[in-house]
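Report on the following structure.
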């Protein structure tokens with residue numbers, strides 16, 4: 001039995017986004033991601049080979065999906081399912097408090 | 001793109017635990033579970049064919065694992081990985097506020 005808390009040791013100010021693997025199995029990987037104001041570089045996109053289910057646990061953020069005019073605003077509790085190869089980017093994350101994401105990659 | 005909020009429409013008082021499927025794929029199923037004081041019936045155990053990764057999002061709860069002397073207390077942010085066929089039961093869930101769980105079943 002492996003246990004912990006997703007809010008443990010969340011840093012206030014990180015040079016880069018911090019990714020911590022919480023579970024790794026053949027068909028699923030669960031990560032905690034901490035962002036402190038980070039965003040995807042302009043004109044870059046995530047284009048992932050696996051589908052991803054994301055849940056925002058703390059802070060706030062906005063995602064942009066290619067071809068969509070409006071960003072998706074995320075607050076604590078917001079989840080979003082992103083199919084494989086759906087291009088998206090992080091427009092912004094909260095500047096005042098750490099943003100904690102749960103990301104579930106699966107196939 | 002499918003989106004929502006895990007804290008939407010959380011009832012204060014439910015006759016039974018409420019399970020809402022948030023994602024169903026071949027190898028993974030994600031559920032939101034709301035408990036309002038519910039517990040596993042005495043002398044009953046969960047014995048699941050798939051591994052489960054559980055995250056407590058709101059409220060509080062205690063899990064008992066067969067063979068363990070101490071219950072595992074869960075507060076917001078606590079996660080626990082439960083291997084397939086590891087027998088466990090919910091000793092109690094919060095009586096004053098709804099307890100919201102995220103459960104990820106996978107193989």
Identify the residue in the stretch A:95-107 that is assigned to a loop (DSSP other than H, G, I, E, B) and more than 11 Å from chain B (Cβ to nearest Cβ) and, among all such residues, is surrounded by the most Cβ atoms within 10 Å (Cβ to Cβ).
A:98
Scanning the stretch B:24-57 residue by residue, the ones that are assigned to a loop (DSSP other than H, G, I, E, B), within 14 Å of another protein chain (Cβ to nearest Cβ) and surrounded by 19 or more Cβ atoms within 10 Å (Cβ to Cβ) total 0
Scan the stretch B:83-94 and tell me whether some residue there is touching a strand residue (DSSP E or B) at 6+ places or on another chain (Cβ under 7 Å), surrounded by fewer than 14 Cβ atoms within 10 Å (Cβ to Cβ) and in a strand (DSSP E or B).
no
Restricting attention to the stretch B:58-82, report how many residues are crowded, with 17+ Cβ neighbours inside 10 Å, more than 10 Å from chain A (Cβ to nearest Cβ) and part of a strand (DSSP E or B).
2
Residue that is surrounded by the most Cβ atoms within 10 Å (Cβ to Cβ) [pool: residues in the stretch A:3-23 that are at the interface with chain B (Cβ under 10 Å from one of its Cβ atoms) and within 15 Å of residue B:77 (Cβ to Cβ)]
A:6
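Values in this text are rule-based calculations from the coordinates and carry no lab data. All figures in this text were calculated on a predicted structure; none of them were measured in a lab. Ideal geometry is used to build each Cβ from the backbone, glycine not excepted, and the neighbour counts take in all protein chains shown.
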